[in-house]
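Okay, so here's the structure we're looking at.
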Amino acid sequence: MIGLRGSGRETRAEHAQEGSGTKAWIGWPSFLLPAALLILFASWLPAIAAGERLHFALAWIPSLGVNLSFLVDGLSLTFALLITGTGAVVALYSGTYLAGHPHFARFYLYLGLFMVAMLGLVLADDLITLFVFWELTTVASYLLIGFDHASAKARRSALQALLLTGAGGLALLAGLILLATAAGSFELSEILASGDAVREHGLYLPILVLVLLGAFTKSAQVPFHFWLPNAMAAPTPVSAYLHSATMVKAGIYLMARMHPVLSGTDAWIWTLTIAGATTAVLASVIALRQTDLKLALAYTTVMALGTLTMFLGAEATVAIAAAVTFLIVHALYKAALFLIVGILDHQTGTREADQLGGLARAMPISACIAAAAGLSMAGFPPFLGFIGKELKYEGALAIASEPLLVATAAVLANALMVALAGIVALRPFLGNRRQTPRAPREAPIRLWIGPAFLAALGLSFGVAPALIADTLVQPAVTAILGRPETVKLALWHGINIPLLLSALTLALGLAIYARHRRLRAALAGLESRLPTTADQAWDGLLDGLRSLAAAQTRLLQSGVLRRYLLLTFATLALAVGTTLFAVDAVRLPRLWPELLVKEWAALGLVSAGALLAATTQSRLTAICALGVVGVGVALLFLMFGAPDVAITQLLVETLFVVLVAVVMLRLPRLQPDHGSARGGRLRDAGVAVLVGAVVTLVLLAVVDGPIDRSVTAYFEQASVPEAFGRNIVNVILVDFRALDTFGEIAVVAVAALAALALIRGGGLRRARS
Amino acid sequence: METALAILVGLLVAASVYLMLGRNVLRFLFGLVLLSNAANLTIFAAGRLTRAAPPLIPEGLAAPADLVANALPQALILTAIVIGFGLLAFTLVLVYRAYLALGTLNSDRMRYAEPHLDDDPKTMSQPEQQAS
């Protein structure tokens, strides 16, 4: 960890001269674009608040009913504002934070790609569009997390995030397609209206499981929580962006989006409540154990995601309002705090909790911002965080199914949040000055203006909650619940149970904060005694996958030709055979075929020849037996009206026997084959009989059905008038299908040339000399 | 009639698969011969058998007067026979050449491309240029 953190800084310093100046301007358009989008989206606010829904569509794959369509309602607009707002702040900040980095321009490319992907995801109306952007966020986050690609840890974290969220994405794709099948449309705007039909559909449970798998992996719910803290390998502005408003919120967005369609069943309520509550409490406990400020913040993000999931499990309006408000609160304070930690790291050279202290005098502005963001995180009035927390308690108590569980989890997680806010936002600035790797100086304005803006928003929305109540929260709640709702936000609700719970939370949180060092040591001890962590289990899973692949390769790719053939034939027989039975295509002949004696004789000739060729140990016998088979087949052609074929067959057969005989003179005798083991021979014979039987069954099924002779009829009618030929077969070959015949001649010519080259053996002689 | 041919094709395929699973590549070649015969007969039977006249149009007529054998599968089989011959001739030469280069017809010992770690180097055949 320490080595990694150092390395990023050194790289930056080393390349400061060569990289700087040339592409520094890229930071500005990267900031102005999201800022302009932010203003554009903000201009839509009044229309959305009035209950409108904006819709843009472009036909994409009309034959499949797939469109490139976008939908703007309260929920997507809230997310779009968070994405562009945080995006602008992060872009501005990165311009200074990463100044002179050799891959400065690349960073902005990835960041921009990521922002576009997130915007597309939250604005998509079409399920396939949504999925494409969902995958794009996965790819972009892989590039961002692995940005410091020289570090093995960054590469591992990036791959872990890619594999885990990519696997979830696959599940999501399956879920979305099932959903479209159940709802009869790929358009979200239509699906959202058919919630009852989907819930009663037989596919509801598979849809729910698959969609939630996608959401839980993306939003780091237990047991998929481990990739997110690892994603801290990314540069700090990226972490700020990924954690506050984007990547990890994609899963939350998905659950909120699907709320009108999938929610309300026991499966939905219990899965979300339990997964969310477990994640929230577990993550806040692990967060307390961390000494690295950035890592502690990462776990608080997991906690926030758990809380949001828990509340999205509910139906009550106030619970959903709590989720939406907390979403905004969290995005504002989390981005600000990450950026502050980045400033601390940038200005002092460390972000270890124990090495920082008393920086308020040296960095007063950063200290103020940190305090504002931290107080919002802890839920002190008059910050927005307080309203969010009150709403959470109110929402928890309003959840009909399990108010006690949800309220307990919320209080516990929030108390730990209070303690963590103290650790992350206050301790570095208060108390005694400690020795830091670099002498602390106040950050330049381009670093602190962004977080200051976010923290100020947290304060002003808290003082005047009406700013967001009608314009953001209410439309979003309406969109999530799929019915018109009124939401009122206020700082003061009177003395009630939520207020009492708040007081309890603060007291508990302060108590934890006071003892956090001892608690941290205890937790560290506990952690070292755990048999395994999710992260290690993941490595075990990957190792298992690799050994499975290796074992499977050893088994299937043995390098022995016979085994390849055996597997291929056995697979063929089993696949075709089971299909025959599955589609009920087995047609056994009812009558014994009525054949003439000469036909029986030809059949007997071919059968005897084949059996002899298969069993003989003598080369000469084998060649003769093959000749017999060839002649027998030619006789069959002759008897059933194909004299041309019969003649060709005889000629070719004769020619081939001569060729084999000539070559055979130079080859050794046949040894007893199929291994000395009797078992091997029996196994081969078994597979052979199986393949033969399947072919017979297929042919019987084919001849049982009707035959379409229209092509033949055409040839019969057209032969004389169009091609002036009376032998229809000949006419087909040299006239109607002349190009095919030309191809056939070419094949024979190529085979002859290749055979000639092999016999001449030029390569061999050259190699020898 | 098609039934009898279906069973015959099954028998040919079984014999050919059995031969192809052998160690000796010459046997593999024999299996290939049987398999191309089986394939031709399959096409023939799928086009339905008839003891009727060959698909010829008598002088003075524009189309066959009575039912004649299905001409389309016959044309396909003719192409298949010739291409099959090309394949077999090439395979035969390849077998011969492999024997010259590797000194064996046993496919188990033709491990030059995919050697096994536990293969005994003495029993494993190598191209001549390596051996000499």
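The values are calculated or read from the model by the stated rules, or taken from the named source; none is laboratory data. Owing to the predicted nature of the structure, the values given are computational and were not obtained by experimental measurement. Methodologically, a virtual Cβ is constructed for each residue, glycine included, from the backbone with ideal geometry; neighbour enumeration extends over all protein chains shown.
Take A:A335 and decide whether it is crowded, with 23+ Cβ neighbours inside 10 Å, within 17 Å of A:A452 (Cα to Cα) and out of contact with any Ser or Thr (no Cβ under 9 Å at 6 or more places or on another chain). Answer is no for this residue.
With respect to B:L56, determine if the residue is at pLDDT below 95, at the interface with chain A (Cβ under 7 Å from one of its Cβ atoms) and either within 17 Å of A:V698 (Cα to Cα) or surrounded by fewer than 23 Cβ atoms within 10 Å (Cβ to Cβ) (or both). Taking the combined requirement at face value, the residue satisfies it. Quick check: is even one residue across region A:660-674 more than 29 Å from A:A575 (Cα to Cα), surrounded by fewer than 17 Cβ atoms within 10 Å (Cβ to Cβ) and either under 56 Å from the mean Cα position of the chain (by Cα) or not assigned by TED's automatic domain parsing to the domain that holds A:L572 (or both)? Checked against the condition, which is being more than 29 Å from A:A575 (Cα to Cα), surrounded by fewer than 17 Cβ atoms within 10 Å (Cβ to Cβ) and either under 56 Å from the mean Cα position of the chain (by Cα) or not assigned by TED's automatic domain parsing to the domain that holds A:L572 (or both), region A:660-674 yields at least one hit.
Scanning for something assigned to a loop (DSSP other than H, G, I, E, B) and either touching a Lys or Arg at 6+ places or on another chain (Cβ under 9 Å) or within 19 Å of A:I623 (Cβ to Cβ) (or both), does region B:29-43 turn up at least one residue? There is no residue in region B:29-43 that is assigned to a loop (DSSP other than H, G, I, E, B) and either touching a Lys or Arg at 6+ places or on another chain (Cβ under 9 Å) or within 19 Å of A:I623 (Cβ to Cβ) (or both).
Quick grid of which residues meet (1) small (G, A, S); (2) within 7 Å of chain A (Cβ to nearest Cβ); (3) over 22 Å from A:E744 (Cα atoms):
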position: B:R51; (1), (2), (3): no, yes, yes
position: B:L67; (1), (2), (3): no, no, yes
position: B:A80; (1), (2), (3): yes, no, no
position: B:A101; (1), (2), (3): yes, yes, yes
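Scan region A:348-369 for residues that are over 11 Å from A:P428 (Cβ atoms) and surrounded by 21 or more Cβ atoms within 10 Å (Cβ to Cβ) and the total you get is 1. Checking each residue in region A:535-578 for being closer than 24 Å to A:Q160 by Cα, surrounded by 12 or more Cβ atoms within 10 Å (Cβ to Cβ) and not aliphatic (A, V, I, L, M) picks out A:D535, A:Q536, A:W538, A:D539.
State whether one or more residues within region B:78-86 are modelled with pLDDT under 90 and more than 21 Å from A:P643 (Cβ to Cβ). No, region B:78-86 contains no residue that is modelled with pLDDT under 90 and more than 21 Å from A:P643 (Cβ to Cβ). Mind listing just one residue for me: the one in region A:591-610 that is crowded, with 17+ Cβ neighbours inside 10 Å and either within 17 Å of B:R27 (Cβ to Cβ) or charged (D, E, K, R) (or both) and, of those, modelled with the lowest pLDDT? Out of the qualifying residues, it is A:E599. Here region B:1-14 is the region considered, the condition is being touching a residue at least 24 places away in the same chain (Cβ under 8 Å) and either among the small types (G, A, S) or buried (at least 24 other Cβ atoms within 10 Å of the Cβ) (or both), and the residue that is farthest from the other protein chains (Cβ to nearest Cβ) is B:L5.
State whether the residues of region A:44-64 include one that is modelled with pLDDT of 85 or more and among the charged types (D, E, K, R). No - not one qualifying residue is present in region A:44-64.
Only one entry of A:L682, A:L697 meets the criterion of being farther than 21 Å from B:I77 by Cβ, facing chain B (nearest Cβ under 9 Å), under 52 Å from the mean Cα position of the chain (by Cα) and assigned to a helix (DSSP H, G or I), and that entry is A:L697.
Just one of the listed residues (B:A46, B:A39, B:A62) is under 18 Å from A:A642 (Cβ atoms), within 7 Å of chain A (Cβ to nearest Cβ) and of a type in the set (A, V, I, L, M, F, W, C), namely B:A46.
Could you grab me the full set of residues in region B:15-47 that are in contact (Cβ under 8 Å) with a residue 40 or more places away in the chain and of a type in the set (K, R)?
B:R23, the sole residue that qualifies.
Rundown of residues vs (1) surrounded by fewer than 24 Cβ atoms within 10 Å (Cβ to Cβ); (2) under 15 Å from A:L327 (Cβ atoms); (3) of a type in the set (K, R), yes/no style:
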{"position": "A:A234", "(1), (2), (3)": "no, no, no"}
{"position": "A:V238", "(1), (2), (3)": "no, no, no"}
{"position": "A:M247", "(1), (2), (3)": "no, yes, no"}
{"position": "A:A267", "(1), (2), (3)": "yes, no, no"}
{"position": "A:L288", "(1), (2), (3)": "yes, no, no"}
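Checking the structure you have, find out if any residue of region A:583-600 is at positive phi and among the charged types (D, E, K, R). So far as region A:583-600 goes, yes, one or more of its residues are at positive phi and among the charged types (D, E, K, R). Region A:545-657 holds helices (runs of 4 or more DSSP H) entirely within its bounds, and those carrying 2 or more residues that are of a type in the set (S, T, N, Q) and in the same structural domain as A:R683 (by TED's automatic domain parsing) map to A:561-582, A:597-615.
The single condition among (1) among the polar types (S, T, N, Q); (2) in contact with a helix residue (DSSP H, G or I) (Cβ under 9 Å, 6 or more places away or on another chain); (3) assigned to a loop (DSSP other than H, G, I, E, B) that A:T408 does not meet is (3). The single condition from (1) within 25 Å of B:I83 (Cβ to Cβ); (2) surrounded by fewer than 18 Cβ atoms within 10 Å (Cβ to Cβ); (3) touching a residue at least 12 places away in the same chain (Cβ under 8 Å); (4) more than 7 Å from every other protein chain (Cβ to nearest Cβ) that A:L739 fails is (3). Going by the conditions given, is A:L733 at pLDDT 90 or above, more than 7 Å from chain B (Cβ to nearest Cβ) and either out of contact with any Lys or Arg (no Cβ under 9 Å at 6 or more places or on another chain) or crowded, with 18+ Cβ neighbours inside 10 Å (or both)? Criteria not met by A:L733.
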